[in-house]
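Contents: one structure, followed by commentary.
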Amino acid sequence: MRLTRGNRTVIGALMGVAIVLATVSAGAKEPPPPPNAGSGMPFPPPPSPSPPLTPPQPPLPLQVRDAPAIERVSPGVFRIGTILINKKDRSISFPAEVNMERGLLEYLLVRIGGKTHESLLRATVEPYQLQVAFLLLGYEGTDKPLAGQGDPRAPTGDALDITVTLPDSSGKPVPANYESWMCKIIDKKILDVPRLEWVYTGSTVFDGRFRAQMEGSIIALYHDPAALVDNASQGGESDKIWFVREGAVPPVGTAVTVTIKPKK
């Protein structure tokens, strides 16, 4: 498994997971630091040309807590904090909840304390714990991180399948079509969101800080090299087309479970 210098920093400095460090080798260099800027647009957006490349917002003061133990739940199943890791199918599952009922989106999921004003879902899970889970299961991030938010290049990394489940009346998890909770607005036309393509990029390290942890960015709709997972679908370079589909999304606070697996 390849591991970038940034990921070595996360594992060594944050978790000290020796078993991970013993199985990896040196990889790509850290990317150059992007400038600071933000973006946003009222709902709905008027027609406009494609926006120029915009860098991510400044990091938020999200600090790493004490590293939790890696707990064995059953044969091949482990827990890190609220994250369940299944070695057999390489799945990562954790609780989250609906965060928005209307408005412009840039993320599918962020950590509470992150950019919740533009994320469909929110969670208490720590990004650095997710990073450890990805690495323990052998996922490969990118060695060519995007330059900043809105980079028109498609992000690279291991392809992922992301599912969201809701509990039914008996508590049994039922898959939800979370793409139907969103829409795309292009030239004032409301369009369905097709099945999205996701890749594990692994975030980046800037000035010795793991950016996914500092910014709380986990799964990005709008290209963001700080996020652990990025959108490889058409339109991922735009921050003006992704919206919550009003009336289709469950109420804010509705509990869900997010599961990430390798794409088959």
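The values are calculated or read from the model by the stated rules, or taken from the named source; none is laboratory data. Keep in mind the model is a prediction, meaning the values are calculated, not measured. Cβ: placed from backbone, ideal geometry, glycine included. Neighbour counts: every protein chain shown. Accessible surface areas use protein heavy atoms only, side chains included; no ligands, DNA or RNA. Shrake-Rupley method; radii C 1.70, N 1.55, O 1.52, S 1.80 Å.
Worth pointing out:
- Here V256, V252, V244 are screened, and the one residue that is farther than 17 Å from V199 by Cβ, of a type in the set (A, V, I, L, M, F, W, C) and open to solvent by 20 Å² or more (accessible area, probe 1.4 Å) is V252.
- Every residue from region 73-125 that is among the β-branched types (V, I, T) and either closer than 21 Å to E237 by Cα or in contact with a Ser or Thr (Cβ under 9 Å, 6 or more places away or on another chain) (or both): T82, I83, I85, I92, V98, V110, I112, T116, T124, V125
- Selection within region 185-209 - part of a loop (DSSP other than H, G, I, E, B) and either crowded, with 22+ Cβ neighbours inside 10 Å or charged (D, E, K, R) (or both): D187, K188, R195, E197, T201, G202, S203, T204, D207
- Residues of region 66-76 include none that is at pLDDT 95 or above, surrounded by fewer than 24 Cβ atoms within 10 Å (Cβ to Cβ) and touching a helix residue (DSSP H, G or I) at 6+ places or on another chain (Cβ under 9 Å).
- Residues being in a strand (DSSP E or B), touching an Asp or Glu at 6+ places or on another chain (Cβ under 7 Å) and within 23 Å of L136 (Cα to Cα) are represented in region 210-224 by at least one member.
- Annotation note: Cβ proximity below 6 Å between a residue of region 227-251 that is under 21 Å from G216 (Cβ atoms) and a residue that is modelled with pLDDT of 95 or more and of a type in the set (S, T, Y) (sequence gap 6+ or interchain) occurs for A227/S217; L228/S203; V229/Y200; D230/T201; D239/Y222.
- Residue-level check: of (1) in contact with a strand residue (DSSP E or B) (Cβ under 8 Å, 6 or more places away or on another chain); (2) closer than 18 Å to G216 by Cα; (3) surrounded by 15 or more Cβ atoms within 10 Å (Cβ to Cβ), T124 misses just (3).
- V174 more than 14 Å from D224 (Cα to Cα), crowded, with 16+ Cβ neighbours inside 10 Å and not aromatic (F, W, Y): no
- Of the listed requirements (1) over 24 Å from A69 (Cα atoms); (2) touching a strand residue (DSSP E or B) at 6+ places or on another chain (Cβ under 6 Å); (3) open to solvent by 20 Å² or more (accessible area, probe 1.4 Å), I112 misses just one: (1).
- Counted residues, region 85-106 - those being within 25 Å of K264 (Cβ to Cβ) and touching a residue at least 40 places away in the same chain (Cβ under 8 Å): 10
- Any hit, region 76-84, residues being touching a residue at least 40 places away in the same chain (Cβ under 8 Å), among the hydroxyl-bearing types (S, T, Y), part of a strand (DSSP E or B) and at negative phi: no
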